[in-house]
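Undergrad: Shown below is the structure under consideration.
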Amino acid sequence: EVPRVPSNPSEFELCPFHALRRVCLPSAEMENRVLLEVRNDSDKTFVLDGEWLRNGEWKSDRNKPIEAGSLSMLEFQSQGVKGVAGIVWFVDNEEHEVYLSMALANPRLQDASFSCFAGAPPQDLKGELDAAATLVPDAEVVALSGTCAWVSPMVGNLTVIKLTIFQDLPSFKPARAMLGNQATGTAEDADAAAPKAEPTAEPQLSDCTEIVAPQSNSLVETPDDEAAKEALGQFMNQTRPKDAWDGLFRGLKTTGTSIVAGVGSVVASTAAGYQQGGMGAVKGFGTGLVGGAAIAVTGTACGVAQIGRGIANTPEAMRGRKDQRVWDAELGQWVDIDLCKLEEQIDDEGSDTEGDGSSKPSSDVAETEYYDLMKVKPSASAAEIKKAYYKEARLCHPDKNPGDAEAKVKFQQLADAYQVLSDPELRKKYDRDGKAGVQEGNVKMDPSVFFSLLFGSERFEPWLGELHLAMQTDQFAKAMEKGSLDEQTAEETMQVGDDVSQVLKKRQLHREVHCAVHLREFMNDFVYRRDAAGFENKVRVEAVELAKCQFGPELLSAIGEMYQLRAEIYLADEMVGRFSLTKQVAAFKHSGLTIKHKFNLVQNATGSLFQVKKVHDAAKAASKSDKIEQPTSPKSEEAGDGQPKPKAEGQAEAAQDSSGPATGPATGSAESSEGQPSEDKTEEEKAKAEEEQRQAVEAVLDAALPVFLQTAWAAVVTDIDGTLKEVGRKLLKDKSVPWQIRIRRAQALQIIGQIYFQESQRALAAGETTKTMTSEVAKATLQEALMGSVREKKR
C-alpha cells in the first residue's frame, strides 16, 4: 500500500515512501519542487501524451503511467531562479479519448498556481498556465467540469498538491463540420459532431416606441452616401497595415511611387511645353514642377500616415500572434480560423468549377457506355466522375504502357467520355439521347485536366488542389467565351478583370480548405489514435506511389520541404518561444526557400522570353523568304531594265552556265534535258524550300519547349509554396480543436514533410526524374497532356 503524503513538515524525515525519503525541511538553499499525489478513482489508465516545461524539469519517471484505481506520484524540480512552471497532459491508453491536462507553476518570488482538467482538454492549455488559480494552503478546489479536485497541504519551495480524479470521465470528440450531405445522417454522426452554441435570446423591445424625426433633410443619409461610406471603410480596412514592419513597407512604397509620379509629371509637362516652342518649355517645367511637388508631398504624407498606422497597430498584432490568429487583408484585422466553419462555408457555396450544379444525375439514361468506361453508376456525382476519370486514366496512361496501342486508345476514349460527363449540359444530352445527342464541334481544352496530366498532379490533387495556372487559364477561357475583350470598353474590361480576380480568390480559398481538410483526415491515425508506427508506414507508402508520377519526385520535394518548415516554425513558436533563436532560424530557412523558388521562376521566365524571340525571328525569316521566292510571270521578270529576275537557285545556276547574257524570256522558255519546263522544276524547289523553312521553325520551337516547360514548372513550385503556407496555417491554427491537438497536428505534419523529402531524394538519386527534359520528351509530354485534356465542344 502506498503511504499518504505527510501534511506536517516534521513527518517528511520519517516517511517511508521512496519518492519522499530525500525530502528535507524547506530552506533557502533548497531546490524548488512540486510534488503531485494523483489519486485516480476512474477506470482509465493515463499515459504521458505531451509536455511543455517553461522552467524546471521532471524528477520522477515521466513515462510511468497513472494507473486506474491507484495512487501515483509526479515530481518536478528546478534549480533556476524562476522555479517550476509548465504544462503536462496525459491520455487514456485504450481509446485515447479521455485527457488529463495540468498547468502548474511554483515560482520562487510569486505565488504558486495549479489547474487541472479531466475528460475533455481545455481550449488553450498553454494559456491556462498564466490563468491558473493561486494555490491556498488546505483550500479544496473543484474543477468547473466537476471531474477532478485538488488541495495543497503545503505551498512554498516545496509545494505539495493532492489531486483526485473522479469516476465517469467524459470523452473528447473532435469537432466536425455539418455538411449538406450529412443532413440525413445517423444519430451517432450527429452526436460525434461539435456541439452547437445555444441560440442567443431575442432582444427585448424598448417601451419607448417613438422615434424623433430629423429636423433637416440634410441629416438623412441617401443610399449614395451610405455606399460612399461603405467604400471608404472598405478602402481603409484593405490599406490598414498589420504591424510596424508592414506599415514601413507600405509607407516607403507609397512615398517612392509618388516621387516617381511627380518626376514623371515634370518631365511630361516640360516635353509638352517644348513642342509648343518659345517659352513653352519653361512654362511646362513650372507647371509640372508644381503638379509634381503636389503629388510627391501628398504621397509622402500618405506614406508617413501608413507608417504611423502600422506602429499604432503593432500591439494588436502582438496579441493576435500570441492568440494564434491570422491577418485578414480584406477585413484589415486579426481573425480566428475555424476549419470546420470554413468547410461548411465551402460546402454551402459548392464547386465553382463544375458549372452551376443545377443538373442532377439520373439513373435513367439512354446508354451507359461512357459511365461503364469510368466504372461509375449513371447517378454518380460530378466529383465521383472526376475522381474515377483520374483513377482510370492513370492505369492506361501512355507513359505507363509504352507501345501498348490498346491502352492509348482507351486513354483517348476516357478523355472523350470525361469531356461529356464533366459538362452538365452535355451530360443531360447524353443521358437523354446517348452519343447521338452530342455531335462534334469546336475543339476545347480543359485547363485543369491539362495541367494535371502535364505535371502528374492528378494524383497530387488531394495534396495540392487545382493548380493556379489551371485556374487562371480556365477563367481566361470563360471570359473569352462570354465575349471578345476587343469589343468591350475600358470600363467593362476593368470590371471583367475585377470579377475574374474575385473568382480566383474564391477558388483559391476552396483549394486551401480542401487540402487542409484532406491533411486533417490523413493524419488522424497519429493525432487521435496515437498509432505513430502505422502512420509513418502509411505516409511512406503514399510517398512511394506519388514518386512514380510525372514530376513526382520534384512535387514530393516541394511538398516535403514546405510542410517540414511550416511544422518547425509552429512548434518553435509554441514550444520554444516566439522570439527564440530556433524560431528565427526556421523562419529564415522558410524565407530563403521561397526566395530561391521565386528567383528560379524569374530566371526561367527570362529564358522563355529569349526563346520566344528566337521563334519569332525564325517565323519572320521564313515569312520574308516566302515573299522573296514567290513565282513571278515572264512579263513581270522583263519589266524595268528588261533583265530576268531569278526565282530559284537552279535558275540562277542555269543563267551562269549559258554562253551569253540572258535576255528576254529565254530563261522562262528553256526546257530541261528531260523535256519538262523549268517552271515545274521551280514549283518543286519552292515546295522543298517551304518544307525546309517549316522544319527550321519547328526545330527552334522544339528547342524552346523544354525551357517553356521549365518555366511552367517554376511557376507551379512558387504556387505550391504560397498555397501550402496557407494550408498549414488553416490546419495548425484551427480553433475548432484544442491547443494540444494542434501540437499533435504539427508533429504529424513534420513527419509527413520529412518522409516526403526523403522519398523524393531517393527517387531523384535513382534517376526517376522528368525535370530535365530533351526536346523530344517535352514534346511528347505536352502532346499526351493535350490529348487527354482536349475535348470536342459538342452541340
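The values are calculated or read from the model by the stated rules, or taken from the named source; none is laboratory data. What you are looking at is a predicted structure, and each value in this text was computed from that prediction instead of being measured. Cβ atoms come from the backbone with ideal geometry, glycine included; neighbour counts cover every protein chain shown. These area figures cover heavy atoms from the full protein model, side chains too; ligands, DNA and RNA do not enter into them. Shrake-Rupley method; radii C 1.70, N 1.55, O 1.52, S 1.80 Å.
Undergrad: Filter region 384-410 down to residues that are more than 19 Å from LYS548 (Cβ to Cβ), free of Cβ contacts under 8 Å to residues at least 24 places away in the same chain and within 30 Å of the chain's Cα centre (by Cα) and give me whichever is most open to solvent (accessible area, probe 1.4 Å).
TA: Filtering first and then ranking leaves GLU384.
Undergrad: Exactly one of these conditions fails for ALA572: (1) assigned to a loop (DSSP other than H, G, I, E, B); (2) within 21 Å of GLY320 (Cα to Cα); (3) not basic (Lys, Arg). Give me its number.
TA: For ALA572, the failing item is (1).
Undergrad: Another question about this same structure. Test of understanding: among ASP364, ASP347, which residue is modelled with pLDDT of 80 or more and open to solvent by 50 Å² or more (accessible area, probe 1.4 Å)? Give the steps one after another, and end with the answer.
TA: Numbers: ASP364 fails: modelled with pLDDT of 80 or more.
The unique qualifying residue is ASP347.
Undergrad: So, one more: Does THR667 satisfy the criteria of being crowded, with 18+ Cβ neighbours inside 10 Å and modelled with pLDDT under 75?
TA: Yes, satisfied.
Undergrad: Let me ask another. Considering region 148-180 alone, what residues qualify as being assigned to a loop (DSSP other than H, G, I, E, B), within 41 Å of the chain's Cα centre (by Cα) and of a type outside the set (A, V, I, L, M, F, W, C)? Don't jump to the end; show me each part of the working.
TA: Taking region 148-180 first, the residues assigned to a loop (DSSP other than H, G, I, E, B) are 155-157, 166-179.
With the extra rule that they be within 41 Å of the chain's Cα centre (by Cα), the set shrinks to 169-179.
Once the filter is applied, which keeps residues that are assigned to a loop (DSSP other than H, G, I, E, B), within 41 Å of the chain's Cα centre (by Cα) and of a type outside the set (A, V, I, L, M, F, W, C), region 148-180 yields PRO170, SER171, LYS173, PRO174, ARG176.
Undergrad: If you don't mind, there's one more thing I want to ask. Has region 557-579 got any residue that is of a type outside the set (Val, Ile, Thr), free of Cβ contacts under 8 Å to residues at least 24 places away in the same chain and surrounded by fewer than 17 Cβ atoms within 10 Å (Cβ to Cβ)?
TA: The initial filter retains those residues of region 557-579 that are of a type outside the set (Val, Ile, Thr), namely 557-558, 560-568, 570-575, 577-579.
Of the ones still in play, those that are also free of Cβ contacts under 8 Å to residues at least 24 places away in the same chain are 572-573, 577, 579.
Within this subset, residues satisfying the condition of being surrounded by fewer than 17 Cβ atoms within 10 Å (Cβ to Cβ) are 577, 579.
There is at least one residue in region 557-579 that is of a type outside the set (Val, Ile, Thr), free of Cβ contacts under 8 Å to residues at least 24 places away in the same chain and surrounded by fewer than 17 Cβ atoms within 10 Å (Cβ to Cβ).
Undergrad: From the list VAL700, VAL717, VAL707, VAL727, which residue is of a type outside the set (D, E, K, R) and open to solvent by less than 10 Å² (accessible area, probe 1.4 Å)? Before you say what the answer is, go through the steps one by one.
TA: Numbers: VAL700 fails: open to solvent by less than 10 Å² (accessible area, probe 1.4 Å); VAL717 fails: open to solvent by less than 10 Å² (accessible area, probe 1.4 Å); VAL707 fails: open to solvent by less than 10 Å² (accessible area, probe 1.4 Å).
Among VAL700, VAL717, VAL707, VAL727, only VAL727 is of a type outside the set (D, E, K, R) and open to solvent by less than 10 Å² (accessible area, probe 1.4 Å).
Residue by residue, here is whether (1) at pLDDT below 90; (2) of a type in the set (S, T, N, Q); (3) open to solvent by 60 Å² or more (accessible area, probe 1.4 Å); (4) out of contact with any helix residue (DSSP H, G or I) (no Cβ under 8 Å at 6 or more places or on another chain) holds:
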{"position": "SER591", "(1), (2), (3), (4)": "no, yes, no, yes"}
{"position": "THR594", "(1), (2), (3), (4)": "no, yes, no, no"}
{"position": "PHE599", "(1), (2), (3), (4)": "no, no, yes, yes"}
{"position": "ASN604", "(1), (2), (3), (4)": "yes, yes, no, no"}
{"position": "GLY607", "(1), (2), (3), (4)": "yes, no, no, no"}
{"position": "GLN611", "(1), (2), (3), (4)": "yes, yes, no, no"}
{"position": "VAL615", "(1), (2), (3), (4)": "yes, no, no, no"}
{"position": "ALA619", "(1), (2), (3), (4)": "yes, no, no, no"}
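Undergrad: Next up: Look at region 84-121 and say how many of its residues are open to solvent by 10 Å² or more (accessible area, probe 1.4 Å) and on the phi < 0 side of the Ramachandran plot. Steps first, answer last, please.
TA: So the first thing to find is which residues in region 84-121 are open to solvent by 10 Å² or more (accessible area, probe 1.4 Å), and the list is 93-97, 105, 107-111, 113, 115, 117, 120-121.
Among the residues that remain, those that are also on the phi < 0 side of the Ramachandran plot are: 93-95, 97, 105, 107-111, 113, 115, 117, 120-121.
So the answer is 15.
Undergrad: Further, regarding this structure: Yes or no: SER484 at pLDDT 70 or above, farther than 30 Å from GLY560 by Cβ and either open to solvent by less than 50 Å² (accessible area, probe 1.4 Å) or small (Gly, Ala, Ser) (or both)?
TA: Numbers: at pLDDT 70 or above: no; farther than 30 Å from GLY560 by Cβ: yes; either open to solvent by less than 50 Å² (accessible area, probe 1.4 Å) or small (Gly, Ala, Ser) (or both): yes.
No; evaluated as a whole, the condition is false for this residue.
Undergrad: Something else now. Consider GLN550 against the criteria (1) polar (S, T, N, Q); (2) loosely packed, with under 15 Cβ neighbours inside 10 Å; (3) assigned to a loop (DSSP other than H, G, I, E, B): it satisfies all of them except one. Which criterion is unmet?
TA: (2)
Undergrad: Under 6 Å between Cβ atoms, at least 6 apart or on separate chains: pull out the pairs that start in region 129-140 with a residue that is more than 13 Å from ALA103 (Cβ to Cβ) and end on any residue that is among the aliphatic types (A, V, I, L, M).
TA: If the second residue must be among the aliphatic types (A, V, I, L, M), the pairs left are PRO137/VAL155; GLU140/VAL151.
Undergrad: For region 678-687, which positions are open to solvent by 60 Å² or more (accessible area, probe 1.4 Å) and at pLDDT below 75? Quick ask: steps written out before the conclusion?
TA: Of the residues in region 678-687, the ones open to solvent by 60 Å² or more (accessible area, probe 1.4 Å) are 679-681, 683-684.
Hits for region 678-687 are GLU679, ASP680, LYS681.
Undergrad: Suppose we filter region 687-698 for residues that are out of contact with any Ser or Thr (no Cβ under 8 Å at 6 or more places or on another chain) and in contact (Cβ under 8 Å) with a residue 24 or more places away in the chain; how many remain? Full working, then the answer.
TA: Step one: list which residues in region 687-698 are out of contact with any Ser or Thr (no Cβ under 8 Å at 6 or more places or on another chain), which gives 687-688, 690-692, 694-698.
Within this subset, residues satisfying the condition of being in contact (Cβ under 8 Å) with a residue 24 or more places away in the chain are 690, 694, 696-697.
Of the residues in region 687-698, 4 are out of contact with any Ser or Thr (no Cβ under 8 Å at 6 or more places or on another chain) and in contact (Cβ under 8 Å) with a residue 24 or more places away in the chain.
Undergrad: Given the criterion modelled with pLDDT under 90 and more than 19 Å from GLN693 (Cβ to Cβ), identify the matching residue among GLU629, GLU574, GLU638, GLU568.
TA: Numbers: GLU629 fails: more than 19 Å from GLN693 (Cβ to Cβ); GLU574 fails: modelled with pLDDT under 90; GLU568 fails: modelled with pLDDT under 90.
That would be GLU638, the only listed residue that is modelled with pLDDT under 90 and more than 19 Å from GLN693 (Cβ to Cβ).
Undergrad: Another question, if that's okay. Of all residues in region 547-598, which are among the acidic types (Asp, Glu) and farther than 12 Å from VAL717 by Cβ?
TA: Keep residues of region 547-598 that are among the acidic types (Asp, Glu), which gives 554, 561, 568, 573-574.
Passing the criteria: GLU568, ASP573, GLU574.
Undergrad: Please go through region 245-292 and pick out each residue that is within 29 Å of MET318 (Cα to Cα) and free of Cβ contacts under 8 Å to residues at least 60 places away in the same chain. If you could, list the steps in order and put the result at the bottom.
TA: Looking only at region 245-292, we keep the residues that are within 29 Å of MET318 (Cα to Cα), and these are 245-256.
PHE249, GLY251, LEU252, LYS253, THR254, THR255, GLY256, listed by residue number.
Undergrad: Could we say that ARG240 is under 29 Å from ILE311 (Cα atoms), in a helix (DSSP H, G or I) and either at pLDDT 70 or above or in contact with a Pro (Cβ under 8 Å, 6 or more places away or on another chain) (or both) here? Before you say what the answer is, go through the steps one by one.
TA: Working: under 29 Å from ILE311 (Cα atoms): yes; in a helix (DSSP H, G or I): no; either at pLDDT 70 or above or in contact with a Pro (Cβ under 8 Å, 6 or more places away or on another chain) (or both): yes.
Answer is no for this residue.
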